[in-house]
Amino acid sequence: MGNCVYWCRDCGRTYDRDEVRYLCPACGERYRPGQPLTGVLTAVFDYAAIRKRFKKKQPDWSLFSAVETRCYPKYPVGNTPFFKADRLGKELGLADLWIKNDGLNPSGSLKDRASFLVVAEANRIGEDRIVAASTGNAASALAAVCAAAGKRAVIFVPKSAPKAKLVQIVLYGANIVLVDGSYDDAFRLSLEYTDRKGGLSRNTAYHPLTIEGKKTVALEICAQNGFKAPDAVVVPVGDGVIIAGVYKGFWDLKQAGIVAKMPKLVCVQATSSDAIHHYITTGKYRDAARPSTIADSISVTAPSNAHMARHAVLESKGFSLLVTDEEIRRAQARLARTTGVFAEPAAAAAAAGLAKAAKSGKLKRSGRIVLLVTGHGLKDIDAPLARIILPRPIPPRLDAVRGL
């Protein structure tokens with residue numbers, strides 16, 4: 001559709017689509033590298049018009065798109081599986097548990113959705129170079145979509161990123177810059193690069209279409225759930241853009257009269273990367289002191305979209321909790337054993353949070369709960385390999401097979 005305006009939640013100003021590119025010009029001036037973004041923009045649509053035109057039997061999702069479909073790259077993103085997880089639900093005491101497995105996107109993560117829409121925007125404005133900072137998933141997603149669309153990707157990645165993700169980036173043909181520092185350092189360098197050398201920044205939340213891209217997972221959940229909002233969605237949280245995108249998707253649907261309620265959003269963070277959790281639970285922002293977790297995709301000192309993520313959780317009447325690396329490892333194994341879904345550690349963090357929330361009674365046991373799996377386990381096999389003991393080889397004789 002492409003018929004939207006950008007609205008700044010901080011100051012209330014609105015802008016035509018081509019009047020701005022990244023942050024609100026007024027509020028974005030307050031932003032300094034190393035802190036959460038200010039002036040993050042939200043795409044707002046003509047919801048009354050959508051209400052009249054949208055048909056559930058033949059849903060036209062372009063009505064909710066900030067970029068015209070003619071600009072979309074020819075790359076099959078989204079439409080990932082949504083299924084009931086009976087065995088896991090029984091173990092956790094949840095009668096109506098469902099999984100949205102976004103690890104089955106083409107590059108293996110939900111972040112394909114954001115990269116897809118930013119590349120579509122690059123097509124619209126005639127930009128051939130797209131720049132991003134990432135711990136790995138956004139980078140491999142951008143590299144993949146750029147490969148399909150014939151765009152040049154320039155990506156800044158911390159040298160500590162999992163090797164499987166680095167391999168993806170290189171094989172997709174992106175220009176990779178390994179940074180001897182943190183994700184926050186890579187984020188700052190990528191902004192300096194686009195400021196001096198040009199290109200379109202795909203940085204998370206910095207470009208509003210990253211949120212718009214990620215919101216499509218909520219649109220799909222709605223459709224796959226019979227055009228009803230579930231009672232709760234459990235989301236792993238690092239920089240806060242995925243949970244803000246889930247909120248935005250359901251908010252759009254509610255404004256258009258397609259759903260009657262918002263699901264509760266459950267924010268799950270690793271104990272050492274707890275900036276947004278602290279912000280939600282205390283009302284006061286502070287950086288995560290020393291992020292160090294096996295869940296690399298949600299490890300961040302100063303989450304870029306902290307303000308919008310907090311708003312999403314509070315407005316949805318959800319809650320936040322923390323999980324340890326050991327809880328993540330156990331949840332990764334349990335998820336695989338009971339559902340057949342192999343999730344990377346960051347995605348398994350949501351499963352760990354789900355177990356903790358179910359045990360504490362914070363989730364209604366009869367409610368429809370959706371666990372959002374954001375990345376495939378093959379993105380990072382080092383974490384589970386550290387716990388797995390493979391059996392010794394046997395001679396190729398049946399009498400050598402014992403105990404089975």
Ranked by GNM mean-square fluctuation in the chain (Cα springs under 10 Å), the top entry among Val177, Val373, Val313 is Val177
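Please order Met308, Met262 by the number of other Cβ within 10 Å, starting at the fewest. Kindly include the intermediate steps, with their values, before the conclusion.
Numbers: Met308 24, Met262 20.
Listing Met308, Met262 from fewest to most nearby Cβ atoms yields Met262, Met308.
Hey, can you rank 7-14, 31-38 by average C-beta count inside 10 Å, highest first? Working shown, then result.
Working: 7-14: 15.4, 31-38: 17.2.
Averaged packing, sorted descending, gives the order 31-38, 7-14.
If one computes P(r) from the Cα atoms of the chain, what percent of pairs lie at distances over 38 Å? Write out the running numbers ahead of the final one.
Values: 12462 of 81406 pairs.
Of the Cα pairs, 15 percent sit more than 38 Å apart.
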Quick one: if you stick a label point 7 Å off each Cα along the C-beta vector at Glu29 and Thr271, how many nm between them? 4.4
Karplus-derived HN-Hα couplings along segment 219-229 (A = 6.51, B = -1.76, C = 1.60, θ = phi - 60°), whole Hz, x at Gly and Pro: 4, 5, 4, 4, 5, 5, 9, x, 6, 10, 7
Peptides 152-163, 266-277: what's the order by average Cβ count within 10 Å, highest mean first? 266-277, 152-163
For all pairs of alpha-carbon atoms in segment 7-133, what percent lies in each bin of width 10 Å, listed from the first bin to the last filled one? 10, 25, 34, 22, 8, 0
Sorted largest first, the Cα spans of segment 222-325 on the principal axes come out in Å as 43, 25, 18
By Cβ neighbour count within 10 Å, fewest first, Thr80, Thr281 rank Thr281, Thr80
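Multiplying the sequence separation of Asp195 and Ile394 by 0.36 nm and subtracting their Cα-Cα distance, what value in nm do you get? Show your work: numbers first, answer last.
On the way: separation 199, 0.36 × 199 = 71.64 nm, distance 5.99 nm.
Between Asp195 and Ile394, full extension yields 65.6 nm more.
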With the label point 7 Å along the Cα-to-beta-carbon line of Val44 and a cut-off under 17 Å to each amide N, the hits in segment 255-289 are 255-257
If you line up the Cα atoms of segment 129-215 on their principal axes, what length do they span on each, largest first, in Å? 28, 27, 27
Run the numbers for Asp128 and Ser62: contour at 0.36 nm per residue of separation, minus the present Cα-Cα distance, in nm. 21.4 nm
How many angstrom separate the Cα center of segment 322-343 from the Cα center of segment 278-318? 21
Between Val167 and Arg53, what FRET efficiency follows from the Cβ-Cβ distance if R0 is 41 Å, with the result rounded to 0.05? 0.40
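Cβ neighbours within 10 Å, averaged per peptide: list 282-293, 113-124, 186-197, 383-394 in order, most packed at the top.
On the way: 282-293: 14.4, 113-124: 26.7, 186-197: 17.2, 383-394: 9.7.
Per-residue Cβ counts within 10 Å, averaged per peptide and sorted highest first, yield 113-124, 186-197, 282-293, 383-394.
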Put a dot 7 Å past each Cα toward the Cβ at Gln224 and Lys359; how far apart are the dots in nm? 2.7
Need one number: nm distance between label points at Asn79 and Ala333, each 7 Å from Cα along Cα→Cβ, rounded to one decimal. 3.8
Which cysteines does the chain leave without a neighbouring Cys Cβ under 4.7 Å? Cys4, Cys11, Cys71, Cys146, Cys222, Cys267
Any chance you could run the full-extension gain for Lys254 through Thr69? It's 0.36 nm times the residue separation minus the Cα-Cα distance, nm to one decimal. 64.3 nm
For segment 134-259, the dipole about the Cα centre with charges only on Cβ (Lys and Arg +1, Asp and Glu -1), to the nearest 20 debye, works out at 280
Roughly how far apart, in whole Å, are the Cα centres of segment 1-67 and segment 86-160? 20
Counting Lys and Arg as +1 and Asp and Glu as -1, what is the net charge of the other residues whose Cβ lies under 11 Å from the Cβ of Val217? +3
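Taking a ≥ b ≥ c as the square roots of the Cα gyration tensor eigenvalues, with a/c under 1.5 meaning rounded and otherwise prolate when a/b beats b/c, else oblate, which class fits segment 66-197?
Values: a/c = 2.48, a/b = 1.50, b/c = 1.66.
Oblate.
A short reminder: the numbers here are calculations on the coordinates, not readings from a lab. The shown structure was predicted, so the numbers you read here are calculated from the model rather than taken from an experiment. Note that we place each Cβ from the backbone using ideal geometry, even for glycine, and neighbour counts take in every protein chain shown.
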